[in-house]
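This report refers to the structure that appears directly beneath it.
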Amino acid sequence: MQSAINIFTVEEYLELEKTSEIRHEYLGGQVFAMSGGSKEHNTISLNIASRLRSDLRGGSCSVFMADMKVNIKPISQNKNIYYYPDVVVTCDSDDKDRFSLNYPCLIIEVLSPSTEITDRREKLINYRDLESLQEYVLVSQDEVKVEVYRKDDQGNWLMLTLGKEDELHLNSIDLTLTMAEIYEDVIRI
């Protein structure tokens, strides 16, 4: 039995998303429902976003969680992509759209069994097409492990893996988080 794949324009997707009870990501015309996260996933996201919001409050940067889309227009394709990162920061005054960001400097994803492959491959590739993006951070929810993908001064992407003894320094917003802050109420450090 075959079924048709619905292809949506960006405008149709954005209009449908305004009234949808569940969030969907958009990849070149196709729409994919987002799965719910675990308590651990939610707690880690909230720990990070709370700390970032507290430190960045009153400045030129804004912090968003889970319900704010990031719009990507990949250089290699002529298609729009919309993702919902777990935590995203923009410091660009041109980011004025109420429902999506175009110029994030920092994106953080908390890894889940159902999303890990997408976060590590598809999103990593597509997020790197964002000229404004300086750091992409993947946080494990099952162990104290943080992977930081960071753009250097020459525009090359480097990867750094952090563990229990390390701190996460976010160059894009000049802020450091300890592993205890990230994993509070999830993993005892």
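Quick note: the coordinates plus some simple rules give every number you see, no bench work behind them. Just so we're clear, the structure is a prediction, and the values are computed from it rather than from any experiment. Virtual Cβ from ideal backbone geometry, glycine too; neighbours counted across all protein chains shown.
For region 45-58, the criterion of being surrounded by 19 or more Cβ atoms within 10 Å (Cβ to Cβ), out of contact with any helix residue (DSSP H, G or I) (no Cβ under 7 Å at 6 or more places or on another chain) and part of a strand (DSSP E or B) is satisfied by no residue at all. Here Asp67 clears all of (1) closer than 20 Å to Ser112 by Cα; (2) part of a strand (DSSP E or B); (3) touching a Lys or Arg at 6+ places or on another chain (Cβ under 9 Å) except the condition numbered (2).
Only a single item in (1) surrounded by fewer than 21 Cβ atoms within 10 Å (Cβ to Cβ); (2) within 24 Å of Arg188 (Cβ to Cβ); (3) of a type in the set (Asp, Glu) is not met by Asp86, and it is number (1). Taking the criterion of being surrounded by 14 or more Cβ atoms within 10 Å (Cβ to Cβ), under 20 Å from the mean Cα position of the chain (by Cα) and more than 11 Å from Val137 (Cβ to Cβ), the residues of region 172-183 that qualify are Ile173, Leu175, Met179, Glu181, Tyr183.
Residues that are more than 25 Å from Arg51 (Cα to Cα) and either in contact with a helix residue (DSSP H, G or I) (Cβ under 8 Å, 6 or more places away or on another chain) or part of a loop (DSSP other than H, G, I, E, B) (or both): does region 134-141 have at least one? Within region 134-141, not a single residue is more than 25 Å from Arg51 (Cα to Cα) and either in contact with a helix residue (DSSP H, G or I) (Cβ under 8 Å, 6 or more places away or on another chain) or part of a loop (DSSP other than H, G, I, E, B) (or both).
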